[in-house]
Amino acid sequence: MSLNLEEKKAVVAEINEQVSKAQSIILAEYRGLEVGDMTQLRAQARKSGVYLRVLKNTLARRAVDGTPFSGLANAMVGPLVFGISADPVAAAKVLSDFAKANEKFVIKAGGMPNQVMDAKGIQVLATMPSREELLAKLLGTMQAPITKFVRTLNEVPTGFVRGLAAVRDQKQAA
């Protein structure tokens with residue numbers, strides 16, 4: 001069933017809104033994929049905060065026209081699913097993990113603002129740690145000196161108590 005002009009404008013406006021907030025867009029071909037697999041992909045994407053949508057390529061081209069992702073218009077050929085994410089790594093991770101499990105699902109291209117990447121670039125992007133992982137590592141690095149300092153301060157009274165316990169044990173044994 002085709003969309004009328006007003007519905008097409010609404011779809012383009014919705015996608016344009018998602019693209020304006022996006023840090024990455026991934027294009028993947030889903031030809032031959034079963035409905036159950038696609039439903040599973042949508043659930044994973046929703047859980048990771050990735051906007052996943054199957055679109056007509058002409059509508060997608062109109063939505064990205066005039067945005068930092070306009071370079072992706074040349075890669076929009078064939079039946080594609082579009083993964084749009086505000087986290088630069090999330091869409092790449094979700095779609096790459098799904099592609100590993102389903103050989104019919106093929107990542108075609110993707111991009112970050114003002115940069116178009118091929119499938120290999122998307123694989124590299126998928127291996128990078130996410131923002132949350134990087135923040136956790138940074139917090140751990142920042143807390144390490146403080147933790148070590150507290151342990152060092154705690155060693156003085158602990159050593160004193162161990163010494164007293166050893167003297168007590170020695171007197172009880174004698």
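The values are calculated or read from the model by the stated rules, or taken from the named source; none is laboratory data. Treat the numbers as computed from the prediction; the structure is a model and nothing was measured. All Cβ positions, even for glycine, are placed from backbone atoms using ideal geometry, and neighbour counts span all protein chains on display.
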For this session: Check the range 37-46 and report whether any residue there is in a helix (DSSP H, G or I), in the same structural domain as GLN23 (by TED's automatic domain parsing), at pLDDT 90 or above and small (Gly, Ala, Ser).
Result: yes
For this session: Taking LYS93 as the residue in question, decide whether it is at negative phi, among the basic types (Lys, Arg) and exposed (fewer than 12 other Cβ atoms within 10 Å of the Cβ).
Result: no
Seminar exercise, completed: When the range 89-130 is checked residue by residue, the ones that are touching a strand residue (DSSP E or B) at 6+ places or on another chain (Cβ under 7 Å), of a type in the set (D, E, K, R) and within 17 Å of ARG53 (Cα to Cα) are LYS108
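Yes/no matrix, rows are residues, columns are (1) under 30 Å from GLY32 (Cβ atoms); (2) in a loop (DSSP other than H, G, I, E, B); (3) basic (Lys, Arg):
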{"residue": "ARG62", "(1), (2), (3)": "yes, no, yes"}
{"residue": "GLY71", "(1), (2), (3)": "yes, no, no"}
{"residue": "ALA92", "(1), (2), (3)": "yes, no, no"}
{"residue": "ASP97", "(1), (2), (3)": "yes, no, no"}
{"residue": "GLY121", "(1), (2), (3)": "yes, no, no"}
{"residue": "GLU132", "(1), (2), (3)": "no, no, no"}
{"residue": "MET142", "(1), (2), (3)": "no, no, no"}
{"residue": "LYS148", "(1), (2), (3)": "no, no, yes"}
{"residue": "GLY163", "(1), (2), (3)": "no, no, no"}
Problem set entry | Cross-chain or 6+ apart pairs with Cβ under 6 Å, the range 21-45 first and surrounded by 12 or more Cβ atoms within 10 Å (Cβ to Cβ), then at pLDDT 90 or above and acidic (Asp, Glu) | none
